[in-house]
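A.B. asks: Submitted below is the structure of interest, expressed as structure tokens.
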């Protein structure tokens, strides 16, 4: 998406997760177990914990972020917005702002809203009830009403 303030890339994020391509059987088994937890263990916090633990144990959060920023730099994107890793964050690196929206599955709806006109760009990342989580070299988003970035 082109804006007067720079290009914005919006992707799911799975493109940057090599584990799911390298180990499809393991991914399928883990996904089935996760869906079982979601269905029969009626605690969103537990399913969030399971997902976050698996993503952080495999270092997927960092790898997806690094690959997304690299992808954005190759395509001259100023902003890249992804999901996939179920971890919300905002991170600036080498002139690229990476925003991960978190998850649409485990919690109240989270998302990213982009508004612009010729003089102003506003990216609002709204995470209604999640507490921020720290990832190496990241700037976690607040758990209040969201974050506004201005260019």
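A.B. asks: Pop the C-beta distance of residue 26 and residue 49 into the FRET formula with R0 = 30 Å and round what comes out to the nearest 0.05.
C.D. replies: With R0 = 30 Å, the Cβ-Cβ based efficiency is 0.90.
A.B. asks: Take residue 42 and residue 58, extend 7 Å from each Cα along the Cα→Cβ direction, and tell me the distance between the two endpoints in nm.
C.D. replies: Inter-label distance under the simple model: 3.0 nm.
A.B. asks: I would also like to ask the following. Calculate the FRET efficiency for residue 18 and residue 76 from the Cβ-Cβ distance with a Förster distance of 35 Å, rounded to the nearest 0.05.
C.D. replies: 0.90
A.B. asks: Which of the peptides 14-22, 93-101 is most tightly packed, and how do the rest follow, going by the mean number of other Cβ atoms within 10 Å of each residue?
C.D. replies: 93-101, 14-22
Read-outs: derived from the displayed coordinates by stated rules, not from any lab. If you're wondering where the values come from, they're calculated on a predicted model, not measured in any experiment. Don't worry about glycine lacking a Cβ; one is built from the backbone with ideal geometry, like all the others, and counts go over all protein chains shown.
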